[in-house]
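Notes for the one structure printed next.
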Amino acid sequence: MSQSVRDNLADREFHANPHPAYALWRREGPVREVRIASGAIVWLVTRYDDARQALTDPRFSKTGRDDGHPSSEIERALSRHMLAVDPPDHTRLRRLVSAAFTARRIEALRPRITEITESLLDAFPGPGQDFDLIDAFAFPLPIQVICELLGIPAEDQDAFRRWSNIIVGGVAYQADFPAAAQAMVAYIRALLAARRAQPGDDLLSGLIEVRDSEDRLSEDELMSMVFLLLIAGHETTVNLIGNGASLLLGERERWEQLCAQPELLPTAIEEFLRFESPVEVATFRITKSAVELGGRTIPAYAPVVISLLSANRDDSRFADPDELRLDRPNNPHLAFGHGIHYCLGAPLARLEAQIAFGALTRRFPSLRLAVPASELQWRPGLLLRGLFTLPVTTGPG
């Protein structure tokens with residue numbers, strides 16, 4: 001491992017396989033300063049216990065200095081969601097959004113998710129033909145689900161994919177970010193205006209109408225929440241399905257095991273979340289004061305990155321963490337975060353993954369990789385952990 005990889009989270013070698021670097025850091029310096037793609041130096045947290053502490057400690061703030069407020073229209077529109085604020089704003093936003101994003105509403109999606117899944121599988125190429133499982137299945141399933149949940153027309157889904165890839169792509173797409181963000185904000189504003197004029201039975205209308213006494217979401221808060229739900233509501237599930245399928249097909253006996261034992265689906269999905277977490281790091285935090293963590297003192301107003309991917313491979317918490325165990329018991333991974341910012345959409349992601357893998361293994365037990373696992377390429381950016389493509393074939397090799 002080169003010295004550059006040891007200290008630089010932007011290194012291409014690191015993104016191809018960050019696990020050796022994370023393992024080294026957990027041993028030699030679990031809380032350390034590293035360089036990210038923008039050139040900034042941040043504090044990185046890599047161990048499980050330290051990560052849990054940082055995810056719940058109020059000294060690790062989402063807003064940092066009290067005088068730091070977004071100034072531009074785009075910043076305001078994209079930074080007033082639950083992941084970007086501290087209590088009491090967070091408490092209020094979570095309460096309001098939870099009132100519209102209910103467990104009952106999510107469970108009611110089961111028949112429609114199943115219908116979409118089966119329709120996508122019906123369109124798979126015939127035996128012996130290579131195709132991209134991300135493009136044919138892992139992407140269109142969650143984007144169609146979240147768009148239908150919010151009431152967004154199907155013909156706009158490809159535009160959201162383009163905008164989303166740029167927005168979460170980090171420095172690699174820096175030049176394209178302003179235009180993509182502006183296009184997305186303009187689209188969501190128009191959509192909100194249309195739903196106000198003609199409400200429907202969808203989550204977007206529910207978010208507009210939801211109130212707690214006289215309290216309701218402001219225009220910027222609505223914008224930010226729709227933005228968050230669109231990005232987080234499909235990107236993480238794309239990676240959960242893509243990463244999970246690559247893990248199973250990369251070790252073919254795992255695929256055959258899940259095909260033969262569908263009762264393993266719930267624990268298998270938790271293991272995919274742990275082993276190759278679809279969100280690599282939690283969104284940035286800023287220390288409000290100096291904090292002792294992992295044997296180091298992080299100074300006040302320092303940016304902090306918590307690696308969920310690394311914490312989920314910590315051998316102090318997980319036995320044989322680098323072994324994929326589809327029947328792993330007691331799997332308290334941090335893939336959906338921890339504490340007040342725990343992912344509100346976790347039940348939806350789990351539901352989609354269980355339906356997706358259940359149908360995929362039942363209908364295509366002969367599915368296999370069309371390229372060696374070593375040739376699969378990971379998308380750039382530190383926030384998300386996912387593949388560009390997953391070439392497969394439904395026929396014998």
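The values are calculated or read from the model by the stated rules, or taken from the named source; none is laboratory data. Please read these numbers as outputs of a predicted model, since none were measured by experiment. Note that each Cβ is placed from the backbone with ideal geometry, even for glycine, and that neighbours are counted across all protein chains shown.
Among the residues making up the range 27-49, those that are modelled with pLDDT of 95 or more and closer than 15 Å to Phe14 by Cα are Leu44, Thr46.
Scanning the range 327-373 for residues being part of a loop (DSSP other than H, G, I, E, B), crowded, with 16+ Cβ neighbours inside 10 Å and of a type in the set (Phe, Trp, Tyr) gives a total of 2.
Can you find even one residue in the range 200-214 that is touching a Gly at 6+ places or on another chain (Cβ under 7 Å), surrounded by fewer than 22 Cβ atoms within 10 Å (Cβ to Cβ), at pLDDT below 95 and charged (D, E, K, R)? Looking for residues that are touching a Gly at 6+ places or on another chain (Cβ under 7 Å), surrounded by fewer than 22 Cβ atoms within 10 Å (Cβ to Cβ), at pLDDT below 95 and charged (D, E, K, R), one finds at least one in the range 200-214, hence yes. Here Ala268 passes the criteria (1) modelled with pLDDT of 95 or more; (2) surrounded by fewer than 24 Cβ atoms within 10 Å (Cβ to Cβ) except the one numbered (2).
Within the option set Gly242, Gly233, being in contact with a strand residue (DSSP E or B) (Cβ under 8 Å, 6 or more places away or on another chain) and touching a residue at least 60 places away in the same chain (Cβ under 8 Å) holds for one residue only, Gly242.
Only a single item in (1) surrounded by fewer than 17 Cβ atoms within 10 Å (Cβ to Cβ); (2) over 22 Å from the mean Cα position of the chain (by Cα); (3) over 25 Å from Val45 (Cα atoms) is not met by Trp255, and it is number (1).
Of all the numbered requirements in (1) surrounded by 13 or more Cβ atoms within 10 Å (Cβ to Cβ); (2) modelled with pLDDT of 80 or more, Pro87 misses one, and that requirement is (1). Residues that are basic (Lys, Arg) and either within 22 Å of the chain's Cα centre (by Cα) or in a loop (DSSP other than H, G, I, E, B) (or both) occur in the range 272-287; there is at least one. Could you tell me whether any residue of the range 218-232 is over 23 Å from the mean Cα position of the chain (by Cα) and either buried (at least 17 other Cβ atoms within 10 Å of the Cβ) or under 27 Å from Ala84 (Cβ atoms) (or both)? Within the range 218-232, one or more residues are over 23 Å from the mean Cα position of the chain (by Cα) and either buried (at least 17 other Cβ atoms within 10 Å of the Cβ) or under 27 Å from Ala84 (Cβ atoms) (or both). Output yes when any residue across the range 314-321 is of a type in the set (Phe, Trp, Tyr), closer than 22 Å to Val281 by Cα and buried (at least 20 other Cβ atoms within 10 Å of the Cβ), and no when none is. Yes, the range 314-321 contains at least one residue that is of a type in the set (Phe, Trp, Tyr), closer than 22 Å to Val281 by Cα and buried (at least 20 other Cβ atoms within 10 Å of the Cβ). Scan (1) assigned to a loop (DSSP other than H, G, I, E, B); (2) surrounded by 22 or more Cβ atoms within 10 Å (Cβ to Cβ) for the single condition Ser310 breaks and write down its number. Every listed condition holds for Ser310 apart from (1).
Look at Pro372 and say whether it is of a type outside the set (Asp, Glu), farther than 16 Å from Thr117 by Cβ and under 24 Å from the mean Cα position of the chain (by Cα). No; evaluated as a whole, the condition is false for this residue.
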